[in-house]
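Only the coordinates and a few stated rules stand behind these numbers; no lab work does. All values reported here derive from a predicted model rather than from experimental measurement. Don't worry about glycine lacking a Cβ; one is built from the backbone with ideal geometry, like all the others, and counts go over all protein chains shown.
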RNA sequence: ACAAGAUCACU
């Protein structure tokens with residue numbers, strides 16, 4: 001069994017689904033017992049390759065053979081349903097998993113928030129979040145960022161700000177995506193004072209920031225007539241070890257131009273020139 | 001021996 005599982009997993013890691021499947025067929029032909037690791041590998045692999053029908057098929061087979069299912073497999077399947085837009089199936093799975101002897105954990109709940117978000121159902125997501133807390137499951141930073149992203153998307157930025165306060169009292173780490181969502185909320189609520197405070201707080205994770213997200217933050221902080229906050233943030237970034245991209249400079253220059261700060265604008269262009277010279 | 005979730009970028 002170990003040997004077969006290893007082989008199946010190796011093929012799955014290379015995205016070679018057909019080969020993995022034929023190993024599995026050989027396994028059953030030779031009457032080697034498959035276990036939950038075998039099916040876990042097959043189902044997770046199929047989900048990653050977006051072969052959702054196959055994943056479902058393995059799951060049914062797993063139930064028929066009365067092999068124990070685990071939380072990871074259930075969560076994987078819920079995510080697979082959600083990504084196909086099959087919210088009802090996802091909900092059914094979520095309810096059914098308790099009957100199968102595994103209870104949803106924080107990852108499962110997060111997957112459900114995301115599922116509701118895809119259908120713009122922020123109310124469902126938010127009330128599920130409250131259910132989760134009632135069950136004594138603590139939200140982590142991914143759970144918060146997921147829920148916040150749903151709420152921002154549905155125009156509920158005030159709740160995002162409330163959640164941010166809650167994260168602080170519960171001492172949950174504020175990760176980069178969480179900062180992004182909080183700042184998005186500030187910008188939608190036009191709460192520049194709060195945005196300023198949040199940007200100061202971001203200093204603690206500054207060395208770990210990626211410019212993909214930073215560029216977006218600079219873009220909307222600057223766009224909302226808060227160019228000063230944008231520049232302040234940029235200066236702080238300069239002192240950290242991360243390299244701005246050319247997109248970063250473009251955003252700065254554009255935002256400065258919109259409010260007529262031509263002097264600063266041309267300064268940004270001179271930075272770009274300096275940078276080019278350094279490269280030679 | 002296998003494992004599940006968010007934001008951004010790339011495609």
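In plain terms, the residue of A:75, A:197 with the fewest other Cβ atoms within 10 Å comes first and the most crowded comes last, giving A:197, A:75. The convex hull around the C-alpha trace of the range A:193-280, projected and averaged over every direction, spans 5.6 square nanometres.
State the percent of C-alpha pairs, over all pairs in the range A:173-216, separated by a distance greater than 12 angstrom. Percent of Cα pairs beyond 12 Å in the range A:173-216: 58. With only Cα atoms counted, the range A:1-145 has Rg and Dmax values of 16.3, 51 Å.
For a paramagnetic label modelled on residue A:127 (point 7 Å from Cα along Cα→Cβ), amide N atoms under 20 Å away belong, within the range A:143-171, to A:147-160, A:163. Of the residues A:228, A:243, the one with the fewest other Cβ atoms within 10 Å heads the list, and the complete ranking is A:243, A:228. Each residue in A:218, A:49, A:174 was given a count of other beta-carbon atoms within 10 angstrom of its own, and listing them fewest first yields A:49, A:174, A:218.
Convex hull volume of the Cα atoms of the range A:93-161, normalised per residue: 78 Å³. Largest first and in whole Å, the equivalent-ellipsoid semi-axes of chain A read 45, 25, 15, each the square root of five times a Cα gyration tensor eigenvalue.
For the range A:35-105, the Kirkwood estimate of the hydrodynamic radius, built from every pair of different alpha carbons, is 11.8 Å.
Note on the range A:78-208: the C-alpha convex hull projects to 8.3 nm² when averaged across all orientations. Pairwise inverse Cα distances across the range A:142-229, averaged and inverted, put the Kirkwood hydrodynamic radius at 12.9 Å. As a length-normalised measure over Cα pairs under 8 Å and 6 or more apart, the relative contact order of the range A:128-280 settles at 16 percent.
Against the main long axis of the alpha-carbon atoms of chain A, helix A:262-278 sits at an angle near 60°. Short-range pairs are left out: with C-alpha atoms under 8 Å and at least six residues apart, the relative contact order of the range A:49-167 is 19 percent. Computed over chain A, relative contact order equals 9 percent, with contacts defined as Cα pairs under 8 Å that lie 6+ residues apart. Structure remark: mean-square fluctuation, Gaussian network model of chain A, C-alpha springs under 10 Å; the largest value among A:182, A:205, A:217 belongs to A:205.
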